[in-house]
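The structure appears right after this line, and notes come after that.
The values are calculated or read from the model by the stated rules, or taken from the named source; none is laboratory data. It should be emphasised that the depicted structure is a prediction, and the values quoted were computed from it without experimental measurement. Cβ coordinates were reconstructed from backbone atoms using ideal geometry, including for glycine residues, and neighbour counts include every protein chain displayed.
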Amino acid sequence: MRLGDLLHPRASLFLDGRRLDRDAILRYAAEVPPISSVVEVPAHDPLTALAYLDAAWRGGGLPLPSRGVKAPRPLPPSSFDAALLLRTSGSTGTPRSAAFTGEAIRWSARTIADTLGWSTEDNIGLIAPADHGFGLVGVLLAGLSSGAGVTAGQAAFAEERAQALEGAGCTAVAAVPSVLDGVIEAMSTTARRRLRQIGSAGGPLTTAVAARLHERCPRATLVNQYGCTEAGPRLTACFSTDPSFEEGSVGRPLDGITLELHDGEVVFSSPGQMCGYLGDPQASTQARCELSTGSDGWRTGDLGRLDRGRLYLNGRLDDRVKLRGAWVDLAAVTAIVQAAGAREAFATTSPDHSREPRLIVLYTAEKALRLVDLLPTLPPGLVPRLVRIEALPHLPSGKLDRLAAQRIAESR
């Protein structure tokens, strides 16, 4: 595995106003000595991330993209022939390190680029962090493998990100919905008109956010995507030109990927899937499953339905709770609150040891929502406590930090 195997001859990287072609990227990477251990790859800028990836591959090491740099540590005993570790977000539990072969990473990068139609004519805005599969594989490596230019727009503020994308003349951008919303809003009208594609992944694309993106960038095609770290990281894509986009579908599986439902749970098999969790064989065994085709697959923990080959998500296994003897879908409650005007929402239960658990909904909005307006759309007898807060907590990847949100709910 070498970095040069991934880069298209016409690939380029725009960083701090500079354009680096393929040869310049490889020369920079060659300056980092080979690494033969597990190394936390500094992902604060894409060029550094690429250089450390290549150093690990040249030295037989195992790179783990990270926002913090730690001392290299010995390679642990493993049955995996791995070339890359991607840390799961930990938004619903303890983060784990998913291991991937070099061939799996190459397949994912090129298949994502082909699905999105990226080419040498494009310039892709990288505003997702490069320490997770979405930013590293789904944007950076996918863009460079297609021959597109990739522009680093990972500054702290939306205005700075928008300025970087405008300066490079980006034609496409991809990020989690909440980040997209802010960056697109900060872009000039000219820059918005230049965008031909806006990709969303890493979280639900709400009707309200999709409508705002359509209004601001009427010439751009929206792409609602779904996947998980273990998939390396993409499973499906749905373009706004497909009628099912308006219905909230996350689309059809990418070519080569098999999706099935096992008791309502989405499971998958993919050429880009992980080998397993490094150092956690028990978790690997629990997540592994066999598809009807006989192929090895993995569980996602997501609930969904398939209709004419298109996937619709219905929440997570751990989003189903029992209140007053009836099962309640917390994801459905969240969607109802967002449809009523909340910018973001999180529904959960807060334990009350003296009585039944309480249903609490944290939300952000310009003005407070009234419970009386929500009751007609909520399941009968369900009366949540609405708690308006300034902002919901997010992980560095942009995904909602469910554990931190749970702690906030339990403190109210």
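For the reader, a short list of remarks on this structure follows.
- Within the stretch 102-132, restricting attention to residues that are part of a loop (DSSP other than H, G, I, E, B) and at pLDDT 95 or above, the residue that is surrounded by the most Cβ atoms within 10 Å (Cβ to Cβ) is 118.
- Residue check for residue 334: closer than 26 Å to residue 261 by Cβ, touching a residue at least 24 places away in the same chain (Cβ under 8 Å), among the β-branched types (Val, Ile, Thr) and in a strand (DSSP E or B): no
Residues checked against (1) surrounded by fewer than 21 Cβ atoms within 10 Å (Cβ to Cβ); (2) outside any strand (DSSP E or B); (3) over 25 Å from the mean Cα position of the chain (by Cα):
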residue	(1), (2), (3)
5	yes, yes, no
8	yes, yes, no
13	no, no, no
19	yes, no, yes
26	yes, yes, yes
29	no, yes, yes
33	yes, yes, yes
41	no, no, no
49	no, yes, no
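- Restricting attention to the stretch 363-378, the residues that are touching a strand residue (DSSP E or B) at 6+ places or on another chain (Cβ under 7 Å) and farther than 30 Å from residue 134 by Cα add up to 3.
- Residues of the stretch 270-316 satisfying the condition of being of a type in the set (Ser, Thr, Tyr) and either assigned to a loop (DSSP other than H, G, I, E, B) or more than 21 Å from residue 203 (Cα to Cα) (or both): 270, 277, 284, 285, 292, 293, 295
- Selection within the stretch 134-145 - within 13 Å of residue 66 (Cβ to Cβ) and within 10 Å of the chain's Cα centre (by Cα): 135
- The conditions of being at pLDDT 95 or above, part of a strand (DSSP E or B) and within 17 Å of the chain's Cα centre (by Cα) are met by residue 199.
Residue by residue, here is whether (1) on the phi < 0 side of the Ramachandran plot; (2) surrounded by 12 or more Cβ atoms within 10 Å (Cβ to Cβ) holds:
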residue	(1), (2)
283	yes, yes
301	no, yes
306	yes, yes
326	yes, no
330	yes, yes
363	yes, yes
380	yes, no
385	yes, yes
388	yes, yes
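- Inside the stretch 165-179, residues that are touching a residue at least 60 places away in the same chain (Cβ under 8 Å) and assigned to a helix (DSSP H, G or I) make up a count of 4.
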